[in-house]
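The values are calculated or read from the model by the stated rules, or taken from the named source; none is laboratory data. Being a predicted model, the structure only gives us computed values, none of them experimental. Cβ coordinates were reconstructed from backbone atoms using ideal geometry, including for glycine residues, and neighbour counts include every protein chain displayed.
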Ligand SMILES: Nc1nc2c(c(=O)[nH]1)N[C@H]1C(S)=C(S)[C@@H](COP(=O)(O)O)O[C@H]1N2
Ligand SMILES: [Mo]
């Protein structure tokens, strides 16, 4: 893996050629990692998930109860950090985000409990976009870097909405007041630099939030620095172009 921000926090992506070699499903060791801080040392036995707020029966569940008492589903979901390819963006205009290459994208088979299965108590279909994922990536529990023992998975949304090491779900009509909810994953008009964003409180304007993934595509071969031999005298060998593409709509 290529480290992007030094040792701590651990942020890393696979070399693009290695990511591509494996096709659609990304092996766990090559799944990009985006951590804003330290990885909690969690234990399956002691972890609880609290459901609170606008619910009839607030309460806590252990991991074993979550697995035993709720039907689970399994589906492939592509995770993408909203900063994927930011290195290229930073070359055009420097942002306050670090330089992601084109490998902040990974796909796994996730297994978990749909949040809507606990949602009869929720008002107005609240949370119906969300799923919580409990384990199993190629039959494994979640790796610590990817949220062990419990994380959120929201197909079609940016990775930033998929909270890892999930401890609490608060059903509420108010937007989160979390620092990172306001300061991360915003795209402002090009004249807004960080100073202006602070001075004029652009962080709190709801229209600049990024939730669903945008369409994106990358040609991966030929790669940077790759030399394509051209043979003018004999017949040209065919060359296969490759790449990847995704969008949030499905
Ligand atoms: N608790 C917690 N959840 C988090 C984050 C984090 O730093 N802490 N980073 C978010 C961001 S920005 C992304 S892109 C994804 C990355 O998930 P991954 O490391 O499993 O690829 O987790 C999201 N969930
Ligand atoms: Mo992210």
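What the table below lists for this structure:
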item: Residue within region 196-211 that is closer than 27 Å to residue 19 by Cα and either at pLDDT below 95 or exposed (fewer than 14 other Cβ atoms within 10 Å of the Cβ) (or both) present; result: yes
item: The lone exception for residue 110 - which of (1) surrounded by fewer than 19 Cβ atoms within 10 Å (Cβ to Cβ); (2) more than 15 Å from ligand 2 (Cβ to nearest atom); (3) at pLDDT 90 or above it fails; result: (1)
item: Residue match in region 32-55 (condition: on the phi > 0 side of the Ramachandran plot, free of Cβ contacts under 8 Å to residues at least 12 places away in the same chain and more than 16 Å from ligand 2 (Cβ to nearest atom)); result: no
item: Residue within region 48-61 that is more than 16 Å from ligand 1 (Cβ to nearest atom), within 24 Å of residue 158 (Cβ to Cβ) and assigned to a loop (DSSP other than H, G, I, E, B) present; result: no
item: Residue in region 1-24 that is touching a residue at least 60 places away in the same chain (Cβ under 8 Å), closer than 23 Å to residue 185 by Cα, surrounded by fewer than 16 Cβ atoms within 10 Å (Cβ to Cβ) and under 20 Å from the mean Cα position of the chain (by Cα) present; result: yes
item: Residue 243 vs. criteria within 17 Å of the chain's Cα centre (by Cα) and either closer than 24 Å to residue 96 by Cβ or away from ligand 2 (no atom under 16 Å from the Cβ) (or both); result: no
item: Whichever residue in region 194-216 is assigned to a loop (DSSP other than H, G, I, E, B) and over 25 Å from the mean Cα position of the chain (by Cα) and, among such residues, is nearest to residue 155 (Cα to Cα); result: 201
item: Residue that is farther than 27 Å from residue 86 by Cα, modelled with pLDDT of 85 or more, surrounded by 16 or more Cβ atoms within 10 Å (Cβ to Cβ) and in contact with a helix residue (DSSP H, G or I) (Cβ under 7 Å, 6 or more places away or on another chain), where the choices are 102, 149; result: 149
item: Residue list for region 23-80, restricted to those being at pLDDT below 95 and touching a helix residue (DSSP H, G or I) at 6+ places or on another chain (Cβ under 6 Å); result: 54, 55, 56, 70
